[in-house]
Amino acid sequence: MQALLSFEKAPPLAAPLRFFLTAPLFAMLAGLLLLVEGPGLFASRWSPATLAATHLITLGFMLQIMLGALIQILPVVAGANLARPLAVARVVHPGLTLGTLALSVGFLYGQPTLLLGAAALLVSTAGFFLWATGRALLGVPSTSPTIRGLKLALAGLAVAIGLGAMLALALAKGWPLALPTLTDLHAGWGLGAWAGVLLAAMAYVVVPMFQLTPGYPARPSWWFPLAMLALLLLWSAAALFEIVAGQRLAQGLLAVVGMAFAGLTLKLQNQRRRARSDATYRYWQLGLGCVIFALFLLLTASVWPGLAEAPGWPLFFGVGLLVGGFMSFIVGMLYKIVPFLSWLHLQNCGQAKVPAPAMNKILSDLAMQRQMHTHAAAFVLLLAAVLYPDWLARPAGLAFVLANGWLLANLLGAMRAYRRHAAEIAAKLAAL
Amino acid sequence: MTHPKTPHVVDARFMEPPEPFVKTMEMLDTLQKGEKMLLLLYREPHPLYKVLRQNGHVYETELVADGTFEILITC
(Lines give C-alpha, C1' and ligand atoms only; values in the text may rest on other atoms or scores of the structure.)
Protein backbone atom coordinates (compact mmCIF):
# COMPACT_ATOMS: atom_id res chain seq x y z
CA MET A 1 0.00 0.00 0.00
CA GLN A 2 2.73 2.45 0.99
CA ALA A 3 4.53 1.87 -2.29
CA LEU A 4 1.42 2.93 -4.11
CA LEU A 5 1.60 6.33 -2.46
CA SER A 6 4.65 7.07 -4.56
CA PHE A 7 2.43 6.59 -7.60
CA GLU A 8 2.61 10.13 -8.64
CA LYS A 9 5.44 11.30 -10.85
CA ALA A 10 5.39 14.53 -8.87
CA PRO A 11 7.52 17.31 -10.32
CA PRO A 12 10.74 17.68 -8.30
CA LEU A 13 10.49 19.93 -5.26
CA ALA A 14 13.04 22.29 -6.82
CA ALA A 15 10.55 23.24 -9.57
CA PRO A 16 7.99 25.14 -7.45
CA LEU A 17 10.30 25.97 -4.56
CA ARG A 18 12.39 28.54 -6.42
CA PHE A 19 9.19 30.54 -7.01
CA PHE A 20 8.03 30.19 -3.39
CA LEU A 21 11.39 31.36 -2.00
CA THR A 22 11.73 34.30 -4.42
CA ALA A 23 8.24 35.71 -3.81
CA PRO A 24 8.82 36.95 -0.21
CA LEU A 25 11.94 38.78 -1.45
CA PHE A 26 9.81 40.80 -3.87
CA ALA A 27 7.31 41.61 -1.13
CA MET A 28 10.24 42.72 1.05
CA LEU A 29 11.41 44.95 -1.82
CA ALA A 30 7.94 46.53 -1.95
CA GLY A 31 8.15 47.15 1.81
CA LEU A 32 11.65 48.62 1.44
CA LEU A 33 10.41 50.92 -1.28
CA LEU A 34 7.71 52.19 1.08
CA LEU A 35 10.31 52.57 3.81
CA VAL A 36 12.49 54.69 1.51
CA GLU A 37 9.75 56.66 -0.29
CA GLY A 38 7.56 57.16 2.77
CA PRO A 39 4.30 59.13 2.43
CA GLY A 40 4.93 59.87 -1.26
CA LEU A 41 3.91 56.32 -2.10
CA PHE A 42 0.40 57.04 -0.82
CA ALA A 43 0.02 60.29 -2.77
CA SER A 44 -1.65 58.73 -5.79
CA ARG A 45 -2.07 55.36 -7.50
CA TRP A 46 -0.23 56.85 -10.48
CA SER A 47 2.98 57.86 -8.70
CA PRO A 48 6.04 55.97 -10.04
CA ALA A 49 6.82 54.37 -6.67
CA THR A 50 3.21 53.22 -6.24
CA LEU A 51 3.18 51.61 -9.69
CA ALA A 52 6.51 49.92 -8.90
CA ALA A 53 5.31 48.66 -5.48
CA THR A 54 2.02 47.39 -6.95
CA HIS A 55 3.87 45.32 -9.55
CA LEU A 56 6.42 44.07 -7.02
CA ILE A 57 3.41 42.57 -5.19
CA THR A 58 1.24 41.45 -8.14
CA LEU A 59 4.02 40.07 -10.37
CA GLY A 60 6.85 39.58 -7.88
CA PHE A 61 4.82 37.96 -5.12
CA MET A 62 1.46 36.79 -6.46
CA LEU A 63 2.36 35.68 -9.98
CA GLN A 64 5.61 34.04 -8.80
CA ILE A 65 3.75 31.79 -6.37
CA MET A 66 0.78 31.18 -8.67
CA LEU A 67 2.93 30.00 -11.59
CA GLY A 68 5.21 27.93 -9.34
CA ALA A 69 2.24 26.29 -7.65
CA LEU A 70 0.56 25.57 -11.01
CA ILE A 71 3.65 23.74 -12.27
CA GLN A 72 3.35 21.51 -9.22
CA ILE A 73 -0.38 21.18 -8.94
CA LEU A 74 -1.63 20.70 -12.53
CA PRO A 75 -1.20 16.89 -12.44
CA VAL A 76 -3.02 16.67 -9.08
CA VAL A 77 -6.00 18.93 -9.73
CA ALA A 78 -6.42 18.48 -13.48
CA GLY A 79 -4.54 15.30 -14.41
CA ALA A 80 -2.51 17.46 -16.82
CA ASN A 81 1.19 16.64 -16.85
CA LEU A 82 3.73 19.20 -18.02
CA ALA A 83 6.22 17.45 -20.27
CA ARG A 84 9.29 18.78 -18.41
CA PRO A 85 8.25 20.66 -15.27
CA LEU A 86 11.78 21.46 -14.09
CA ALA A 87 12.73 22.83 -17.52
CA VAL A 88 9.58 24.99 -17.54
CA ALA A 89 10.48 26.29 -14.06
CA ARG A 90 14.05 27.04 -15.20
CA VAL A 91 12.76 29.24 -18.02
CA VAL A 92 9.78 30.90 -16.31
CA HIS A 93 11.45 31.73 -12.98
CA PRO A 94 14.34 33.87 -14.29
CA GLY A 95 12.12 35.47 -16.97
CA LEU A 96 9.50 36.50 -14.44
CA THR A 97 12.08 37.60 -11.85
CA LEU A 98 14.11 39.76 -14.25
CA GLY A 99 10.98 41.07 -15.99
CA THR A 100 9.44 42.16 -12.68
CA LEU A 101 12.67 43.86 -11.55
CA ALA A 102 13.06 45.66 -14.88
CA LEU A 103 9.43 46.79 -14.86
CA SER A 104 9.62 48.11 -11.29
CA VAL A 105 12.87 49.98 -11.90
CA GLY A 106 11.44 51.25 -15.21
CA PHE A 107 8.39 52.67 -13.39
CA LEU A 108 10.47 54.09 -10.56
CA TYR A 109 12.94 55.97 -12.76
CA GLY A 110 10.66 56.52 -15.77
CA GLN A 111 12.99 54.59 -18.09
CA PRO A 112 11.28 53.79 -21.42
CA THR A 113 13.99 51.30 -22.42
CA LEU A 114 13.53 49.32 -19.22
CA LEU A 115 9.74 49.38 -19.59
CA LEU A 116 10.03 48.03 -23.13
CA GLY A 117 12.59 45.38 -22.12
CA ALA A 118 10.41 44.33 -19.20
CA ALA A 119 7.32 44.09 -21.41
CA ALA A 120 9.19 41.92 -23.94
CA LEU A 121 10.56 39.65 -21.19
CA LEU A 122 7.23 39.30 -19.38
CA VAL A 123 5.25 38.68 -22.58
CA SER A 124 7.67 36.00 -23.77
CA THR A 125 7.87 34.36 -20.32
CA ALA A 126 4.10 34.33 -19.84
CA GLY A 127 3.69 33.19 -23.45
CA PHE A 128 6.05 30.27 -22.84
CA PHE A 129 4.20 29.35 -19.62
CA LEU A 130 0.83 29.53 -21.38
CA TRP A 131 2.17 27.39 -24.23
CA ALA A 132 3.54 24.74 -21.82
CA THR A 133 0.41 24.59 -19.65
CA GLY A 134 -1.88 24.90 -22.68
CA ARG A 135 -0.20 21.87 -24.23
CA ALA A 136 -0.67 19.92 -21.00
CA LEU A 137 -4.33 20.94 -20.71
CA LEU A 138 -5.07 20.35 -24.38
CA GLY A 139 -7.21 17.25 -24.62
CA VAL A 140 -8.01 17.28 -20.89
CA PRO A 141 -11.82 17.48 -20.83
CA SER A 142 -13.39 20.01 -18.44
CA THR A 143 -14.88 17.32 -16.20
CA SER A 144 -14.83 19.54 -13.11
CA PRO A 145 -15.36 23.23 -12.32
CA THR A 146 -11.67 23.31 -11.32
CA ILE A 147 -10.46 22.33 -14.80
CA ARG A 148 -12.82 24.76 -16.51
CA GLY A 149 -11.69 27.47 -14.06
CA LEU A 150 -8.01 26.76 -14.76
CA LYS A 151 -8.48 27.04 -18.52
CA LEU A 152 -10.43 30.29 -18.24
CA ALA A 153 -7.95 31.73 -15.72
CA LEU A 154 -5.08 31.08 -18.16
CA ALA A 155 -7.04 32.94 -20.84
CA GLY A 156 -7.45 35.79 -18.33
CA LEU A 157 -3.69 35.83 -17.73
CA ALA A 158 -3.06 36.10 -21.46
CA VAL A 159 -5.34 39.16 -21.74
CA ALA A 160 -3.93 40.80 -18.59
CA ILE A 161 -0.34 40.41 -19.81
CA GLY A 162 -1.31 41.61 -23.30
CA LEU A 163 -2.96 44.74 -21.89
CA GLY A 164 0.02 45.30 -19.59
CA ALA A 165 2.40 45.14 -22.54
CA MET A 166 0.21 47.58 -24.47
CA LEU A 167 0.32 49.99 -21.51
CA ALA A 168 4.10 49.67 -21.22
CA LEU A 169 4.45 50.43 -24.94
CA ALA A 170 2.07 53.38 -24.66
CA LEU A 171 4.03 54.80 -21.72
CA ALA A 172 7.42 54.26 -23.34
CA LYS A 173 6.44 55.52 -26.79
CA GLY A 174 3.97 58.17 -25.68
CA TRP A 175 1.06 56.64 -27.57
CA PRO A 176 -2.16 58.64 -27.15
CA LEU A 177 -4.19 55.89 -25.43
CA ALA A 178 -6.79 56.30 -22.66
CA LEU A 179 -4.33 55.16 -20.00
CA PRO A 180 -6.65 55.26 -16.92
CA THR A 181 -9.36 53.21 -18.69
CA LEU A 182 -6.82 50.70 -20.02
CA THR A 183 -5.10 50.46 -16.64
CA ASP A 184 -8.39 49.67 -14.89
CA LEU A 185 -9.12 47.04 -17.53
CA HIS A 186 -5.60 45.56 -17.15
CA ALA A 187 -6.15 45.35 -13.37
CA GLY A 188 -9.62 43.87 -13.89
CA TRP A 189 -8.35 41.06 -16.13
CA GLY A 190 -5.31 40.44 -13.93
CA LEU A 191 -7.08 40.41 -10.58
CA GLY A 192 -10.54 39.22 -11.66
CA ALA A 193 -10.17 36.85 -14.60
CA TRP A 194 -6.71 35.54 -13.73
CA ALA A 195 -6.12 35.75 -9.96
CA GLY A 196 -9.79 35.60 -8.91
CA VAL A 197 -10.80 32.71 -11.16
CA LEU A 198 -7.57 30.82 -10.41
CA LEU A 199 -8.19 31.30 -6.69
CA ALA A 200 -11.73 29.92 -7.04
CA ALA A 201 -10.58 26.95 -9.15
CA MET A 202 -8.02 26.08 -6.48
CA ALA A 203 -10.42 26.79 -3.61
CA TYR A 204 -12.89 24.21 -4.97
CA VAL A 205 -10.19 21.60 -4.26
CA VAL A 206 -8.13 22.90 -1.34
CA VAL A 207 -10.81 24.37 0.95
CA PRO A 208 -12.72 21.07 1.41
CA MET A 209 -9.47 19.05 1.33
CA PHE A 210 -7.39 20.99 3.84
CA GLN A 211 -10.07 22.63 5.98
CA LEU A 212 -12.48 19.64 5.96
CA THR A 213 -15.48 21.70 4.87
CA PRO A 214 -18.40 20.54 2.69
CA GLY A 215 -17.74 20.86 -1.04
CA TYR A 216 -18.66 23.87 -3.17
CA PRO A 217 -22.11 23.22 -4.72
CA ALA A 218 -21.73 22.19 -8.36
CA ARG A 219 -23.90 24.77 -10.12
CA PRO A 220 -22.32 28.01 -8.79
CA SER A 221 -18.87 26.42 -9.14
CA TRP A 222 -19.42 25.84 -12.86
CA TRP A 223 -20.81 29.33 -13.37
CA PHE A 224 -18.44 31.50 -11.34
CA PRO A 225 -15.47 31.41 -13.78
CA LEU A 226 -17.74 31.89 -16.80
CA ALA A 227 -19.57 34.80 -15.16
CA MET A 228 -16.28 36.52 -14.29
CA LEU A 229 -14.96 36.23 -17.84
CA ALA A 230 -18.27 37.27 -19.40
CA LEU A 231 -18.38 40.38 -17.19
CA LEU A 232 -14.81 41.28 -18.09
CA LEU A 233 -15.67 40.94 -21.77
CA LEU A 234 -18.65 43.24 -21.16
CA TRP A 235 -16.38 45.74 -19.36
CA SER A 236 -13.85 45.54 -22.24
CA ALA A 237 -16.53 46.07 -24.90
CA ALA A 238 -17.99 49.00 -22.95
CA ALA A 239 -14.49 50.51 -22.65
CA LEU A 240 -13.85 50.02 -26.36
CA PHE A 241 -17.07 51.81 -27.29
CA GLU A 242 -16.64 54.36 -24.48
CA ILE A 243 -19.93 53.43 -22.78
CA VAL A 244 -19.32 54.58 -19.22
CA ALA A 245 -22.54 53.10 -17.81
CA GLY A 246 -21.62 49.68 -19.26
CA GLN A 247 -18.21 49.81 -17.60
CA ARG A 248 -19.75 50.71 -14.24
CA LEU A 249 -22.40 48.00 -14.58
CA ALA A 250 -19.76 45.36 -15.33
CA GLN A 251 -17.59 46.50 -12.40
CA GLY A 252 -20.55 46.45 -10.02
CA LEU A 253 -21.62 42.97 -11.16
CA LEU A 254 -18.03 41.69 -10.87
CA ALA A 255 -18.00 42.96 -7.28
CA VAL A 256 -21.30 41.18 -6.54
CA VAL A 257 -20.14 37.88 -8.10
CA GLY A 258 -16.82 38.06 -6.23
CA MET A 259 -18.57 38.81 -2.93
CA ALA A 260 -20.94 35.87 -3.52
CA PHE A 261 -17.95 33.55 -3.94
CA ALA A 262 -16.29 34.91 -0.79
CA GLY A 263 -19.57 34.65 1.15
CA LEU A 264 -20.10 31.05 0.02
CA THR A 265 -16.55 30.16 1.11
CA LEU A 266 -17.15 31.75 4.53
CA LYS A 267 -20.36 29.71 4.86
CA LEU A 268 -18.52 26.47 3.99
CA GLN A 269 -15.75 27.31 6.46
CA ASN A 270 -18.36 27.73 9.20
CA GLN A 271 -19.46 24.13 8.53
CA ARG A 272 -15.96 22.67 8.73
CA ARG A 273 -15.33 19.44 10.61
CA ARG A 274 -11.93 20.46 11.92
CA ALA A 275 -12.29 22.02 15.39
CA ARG A 276 -8.81 23.56 15.49
CA SER A 277 -8.27 26.87 13.70
CA ASP A 278 -4.89 26.51 12.04
CA ALA A 279 -2.89 29.25 10.28
CA THR A 280 -4.38 28.44 6.86
CA TYR A 281 -7.94 28.73 8.16
CA ARG A 282 -7.19 32.05 9.87
CA TYR A 283 -5.36 33.40 6.81
CA TRP A 284 -8.38 32.52 4.66
CA GLN A 285 -10.80 34.15 7.11
CA LEU A 286 -8.72 37.34 6.95
CA GLY A 287 -8.53 37.11 3.16
CA LEU A 288 -12.26 36.59 2.71
CA GLY A 289 -13.14 39.46 5.03
CA CYS A 290 -10.73 41.76 3.16
CA VAL A 291 -12.00 40.72 -0.27
CA ILE A 292 -15.59 41.45 0.78
CA PHE A 293 -14.44 44.86 2.11
CA ALA A 294 -12.54 45.71 -1.10
CA LEU A 295 -15.32 44.52 -3.41
CA PHE A 296 -17.87 46.46 -1.39
CA LEU A 297 -15.76 49.56 -2.12
CA LEU A 298 -15.81 48.66 -5.82
CA LEU A 299 -19.56 48.14 -5.75
CA THR A 300 -20.27 51.46 -4.03
CA ALA A 301 -17.99 53.27 -6.48
CA SER A 302 -19.81 51.70 -9.41
CA VAL A 303 -23.07 53.06 -8.01
CA TRP A 304 -21.62 56.45 -6.91
CA PRO A 305 -18.61 57.03 -9.20
CA GLY A 306 -17.63 60.14 -7.24
CA LEU A 307 -16.44 57.88 -4.43
CA ALA A 308 -13.62 56.47 -6.55
CA GLU A 309 -12.33 60.03 -6.94
CA ALA A 310 -12.16 60.47 -3.15
CA PRO A 311 -8.62 60.69 -1.83
CA GLY A 312 -7.39 57.32 -0.67
CA TRP A 313 -10.19 55.28 -2.27
CA PRO A 314 -8.00 53.48 -4.88
CA LEU A 315 -5.34 52.81 -2.25
CA PHE A 316 -7.85 51.43 0.28
CA PHE A 317 -9.18 49.20 -2.48
CA GLY A 318 -5.70 48.09 -3.59
CA VAL A 319 -4.34 47.42 -0.11
CA GLY A 320 -7.54 45.59 0.88
CA LEU A 321 -7.64 43.38 -2.21
CA LEU A 322 -3.92 42.70 -2.68
CA VAL A 323 -2.40 42.64 0.81
CA GLY A 324 -5.46 41.73 2.88
CA GLY A 325 -7.06 39.47 0.27
CA PHE A 326 -4.80 37.77 -2.27
CA MET A 327 -1.60 37.76 -0.19
CA SER A 328 -3.50 36.19 2.74
CA PHE A 329 -5.00 33.45 0.55
CA ILE A 330 -1.65 32.73 -1.06
CA VAL A 331 0.39 32.52 2.15
CA GLY A 332 -2.39 30.45 3.75
CA MET A 333 -2.16 27.97 0.86
CA LEU A 334 1.66 27.98 0.89
CA TYR A 335 1.51 26.91 4.53
CA LYS A 336 -0.31 23.75 3.43
CA ILE A 337 1.44 23.16 0.12
CA VAL A 338 5.07 23.37 1.33
CA PRO A 339 4.70 20.91 4.28
CA PHE A 340 2.54 18.60 2.13
CA LEU A 341 5.02 18.52 -0.78
CA SER A 342 7.91 17.97 1.62
CA TRP A 343 6.00 15.13 3.27
CA LEU A 344 5.18 13.59 -0.12
CA HIS A 345 8.82 13.66 -1.21
CA LEU A 346 10.00 12.27 2.16
CA GLN A 347 7.41 9.52 1.83
CA ASN A 348 8.95 8.62 -1.52
CA CYS A 349 12.49 8.82 -0.07
CA GLY A 350 11.47 6.25 2.55
CA GLN A 351 10.62 3.70 -0.19
CA ALA A 352 7.75 2.34 1.95
CA LYS A 353 10.29 1.11 4.52
CA VAL A 354 10.86 4.26 6.61
CA PRO A 355 7.81 6.44 7.35
CA ALA A 356 7.88 10.19 6.71
CA PRO A 357 7.53 12.51 9.74
CA ALA A 358 4.22 14.28 10.42
CA MET A 359 3.73 17.50 8.46
CA ASN A 360 3.89 19.68 11.59
CA LYS A 361 7.49 18.47 12.10
CA ILE A 362 8.35 20.28 8.87
CA LEU A 363 6.70 23.61 9.71
CA SER A 364 5.05 24.18 13.09
CA ASP A 365 1.66 25.85 13.35
CA LEU A 366 3.03 28.22 16.01
CA ALA A 367 5.65 29.58 13.58
CA MET A 368 2.95 30.10 10.93
CA GLN A 369 0.51 31.75 13.35
CA ARG A 370 3.15 34.19 14.61
CA GLN A 371 4.09 35.19 11.08
CA MET A 372 0.40 35.62 10.28
CA HIS A 373 -0.01 38.07 13.17
CA THR A 374 2.83 40.17 11.73
CA HIS A 375 1.18 40.09 8.29
CA ALA A 376 -2.14 41.18 9.82
CA ALA A 377 -0.40 44.00 11.71
CA ALA A 378 1.35 45.14 8.51
CA PHE A 379 -1.99 45.11 6.69
CA VAL A 380 -3.71 47.23 9.36
CA LEU A 381 -0.78 49.67 9.36
CA LEU A 382 -0.93 49.93 5.55
CA LEU A 383 -4.66 50.73 5.67
CA ALA A 384 -4.09 53.29 8.42
CA ALA A 385 -1.19 54.75 6.43
CA VAL A 386 -3.61 55.59 3.61
CA LEU A 387 -5.30 57.96 6.10
CA TYR A 388 -2.17 59.14 7.95
CA PRO A 389 0.70 58.69 5.48
CA ASP A 390 3.02 61.18 7.18
CA TRP A 391 2.90 59.22 10.42
CA LEU A 392 2.43 55.66 9.33
CA ALA A 393 3.84 55.08 5.81
CA ARG A 394 7.32 54.11 7.02
CA PRO A 395 6.19 52.00 10.03
CA ALA A 396 3.83 50.17 7.63
CA GLY A 397 6.74 49.56 5.20
CA LEU A 398 8.88 48.22 8.04
CA ALA A 399 6.09 45.91 9.25
CA PHE A 400 5.59 44.64 5.67
CA VAL A 401 9.33 43.89 5.34
CA LEU A 402 9.26 42.05 8.68
CA ALA A 403 6.16 39.99 7.84
CA ASN A 404 7.62 38.84 4.53
CA GLY A 405 11.08 38.29 5.99
CA TRP A 406 9.42 36.05 8.55
CA LEU A 407 7.57 34.21 5.79
CA LEU A 408 10.89 33.61 4.03
CA ALA A 409 12.45 32.43 7.31
CA ASN A 410 9.55 29.99 7.83
CA LEU A 411 9.90 28.58 4.31
CA LEU A 412 13.69 28.24 4.65
CA GLY A 413 13.15 26.55 8.04
CA ALA A 414 10.80 24.06 6.37
CA MET A 415 13.45 23.31 3.76
CA ARG A 416 16.10 22.75 6.45
CA ALA A 417 13.72 20.37 8.25
CA TYR A 418 13.05 18.59 4.95
CA ARG A 419 16.76 18.09 4.28
CA ARG A 420 17.38 16.91 7.87
CA HIS A 421 14.56 14.35 7.67
CA ALA A 422 15.67 13.21 4.20
CA ALA A 423 19.19 12.57 5.56
CA GLU A 424 17.76 10.67 8.55
CA ILE A 425 15.59 8.54 6.28
CA ALA A 426 18.57 7.78 4.01
CA ALA A 427 20.62 6.76 7.06
CA LYS A 428 17.82 4.49 8.34
CA LEU A 429 17.42 2.90 4.91
CA ALA A 430 21.16 2.25 4.71
CA ALA A 431 21.06 0.54 8.13
CA LEU A 432 18.22 -1.83 7.15
CA MET B 1 -22.59 2.96 4.39
CA THR B 2 -24.38 1.76 1.24
CA HIS B 3 -25.49 3.60 -1.90
CA PRO B 4 -28.02 2.83 -4.65
CA LYS B 5 -25.09 2.31 -7.04
CA THR B 6 -23.30 -0.31 -4.88
CA PRO B 7 -23.13 -1.51 -1.27
CA HIS B 8 -19.34 -0.99 -1.24
CA VAL B 9 -18.80 2.68 -0.43
CA VAL B 10 -15.85 4.73 0.80
CA ASP B 11 -17.15 8.11 1.93
CA ALA B 12 -13.90 10.10 1.94
CA ARG B 13 -15.48 13.57 1.82
CA PHE B 14 -14.13 14.66 5.19
CA MET B 15 -10.84 12.78 5.08
CA GLU B 16 -7.42 14.36 4.59
CA PRO B 17 -4.99 13.03 1.99
CA PRO B 18 -3.72 10.35 1.68
CA GLU B 19 -6.55 8.60 3.60
CA PRO B 20 -9.05 8.51 0.68
CA PHE B 21 -6.41 6.86 -1.52
CA VAL B 22 -5.45 4.33 1.15
CA LYS B 23 -9.08 3.43 2.02
CA THR B 24 -9.95 2.99 -1.68
CA MET B 25 -7.02 0.69 -2.35
CA GLU B 26 -7.85 -1.28 0.81
CA MET B 27 -11.46 -1.77 -0.30
CA LEU B 28 -10.40 -2.78 -3.83
CA ASP B 29 -8.21 -5.46 -2.24
CA THR B 30 -11.32 -7.00 -0.63
CA LEU B 31 -13.48 -7.06 -3.81
CA GLN B 32 -13.84 -9.80 -6.43
CA LYS B 33 -13.17 -9.08 -10.10
CA GLY B 34 -16.19 -7.37 -11.68
CA GLU B 35 -17.56 -6.05 -8.35
CA LYS B 36 -18.07 -2.30 -8.07
CA MET B 37 -17.21 0.19 -5.33
CA LEU B 38 -18.08 3.85 -4.93
CA LEU B 39 -15.71 6.56 -3.73
CA LEU B 40 -17.29 9.84 -2.56
CA LEU B 41 -15.05 12.92 -2.59
CA TYR B 42 -15.32 16.69 -2.95
CA ARG B 43 -12.65 16.69 -5.67
CA GLU B 44 -11.58 14.62 -8.64
CA PRO B 45 -8.72 12.33 -7.53
CA HIS B 46 -6.52 12.50 -10.65
CA PRO B 47 -3.52 10.70 -9.06
CA LEU B 48 -5.86 7.87 -8.01
CA TYR B 49 -7.32 7.73 -11.54
CA LYS B 50 -3.82 7.14 -12.85
CA VAL B 51 -3.23 4.22 -10.48
CA LEU B 52 -6.66 2.77 -11.29
CA ARG B 53 -5.87 2.89 -15.02
CA GLN B 54 -2.45 1.31 -14.42
CA ASN B 55 -4.06 -1.50 -12.43
CA GLY B 56 -6.68 -2.15 -15.14
CA HIS B 57 -9.70 -0.82 -13.24
CA VAL B 58 -12.50 1.02 -15.03
CA TYR B 59 -14.15 4.06 -13.39
CA GLU B 60 -16.95 6.50 -14.08
CA THR B 61 -17.28 9.87 -12.38
CA GLU B 62 -20.41 11.89 -11.77
CA LEU B 63 -20.52 15.34 -10.13
CA VAL B 64 -23.75 15.73 -8.16
CA ALA B 65 -25.45 18.96 -7.09
CA ASP B 66 -23.93 19.24 -3.60
CA GLY B 67 -20.42 19.15 -5.08
CA THR B 68 -19.75 15.45 -4.39
CA PHE B 69 -17.82 13.53 -7.04
CA GLU B 70 -19.20 9.96 -7.15
CA ILE B 71 -16.50 7.71 -8.57
CA LEU B 72 -17.80 4.24 -9.43
CA ILE B 73 -14.86 1.85 -9.76
CA THR B 74 -15.09 -1.65 -11.23
CA CYS B 75 -12.64 -4.05 -9.64
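The values are calculated or read from the model by the stated rules, or taken from the named source; none is laboratory data. Quick caveat, the model's predicted, so the values are computed rather than measured. FYI the Cβ positions are ideal-geometry reconstructions off the backbone, even for glycines, and counts take in every protein chain you see.
Restricted to segment A:212-312, the set of helices (runs of 4 or more DSSP H) holding at least 2 residues that are within 23 Å of A:Gly324 (Cα to Cα) and modelled with pLDDT of 95 or more comprises A:218-240, A:244-270, A:279-303. When you look at A:Leu63, is it more than 14 Å from chain B (Cβ to nearest Cβ), within 13 Å of the chain's Cα centre (by Cα), at pLDDT 95 or above and surrounded by 21 or more Cβ atoms within 10 Å (Cβ to Cβ), yes or no? In short, yes. For B:Phe21, the requirement of being facing another protein chain (nearest Cβ under 9 Å), closer than 29 Å to A:Leu268 by Cα and in a helix (DSSP H, G or I) is met. Considered as a group, the residues in segment A:265-321 that are hydroxyl-bearing (Ser, Thr, Tyr) and surrounded by fewer than 18 Cβ atoms within 10 Å (Cβ to Cβ) include one that is nearest to A:Ala376 (Cα to Cα), and that residue is A:Ser277.
Only a single item in (1) surrounded by fewer than 19 Cβ atoms within 10 Å (Cβ to Cβ); (2) under 19 Å from B:Met1 (Cβ atoms); (3) more than 10 Å from every other protein chain (Cβ to nearest Cβ); (4) not polar (S, T, N, Q) is not met by B:Ile71, and it is number (1). Of the residues that make up segment A:142-149, is at least one at pLDDT 95 or above and among the aliphatic types (A, V, I, L, M)? Scanning segment A:142-149 turns up at least one residue that is at pLDDT 95 or above and among the aliphatic types (A, V, I, L, M).
Before we move on, is A:Gly325 surrounded by 24 or more Cβ atoms within 10 Å (Cβ to Cβ) and closer than 30 Å to A:Pro12 by Cα? Spelling it out, A:Gly325 is indeed surrounded by 24 or more Cβ atoms within 10 Å (Cβ to Cβ) and closer than 30 Å to A:Pro12 by Cα. The number of residues in segment A:70-89 being more than 14 Å from chain B (Cβ to nearest Cβ) and either surrounded by fewer than 20 Cβ atoms within 10 Å (Cβ to Cβ) or under 11 Å from A:Thr146 (Cβ atoms) (or both) comes to 4.
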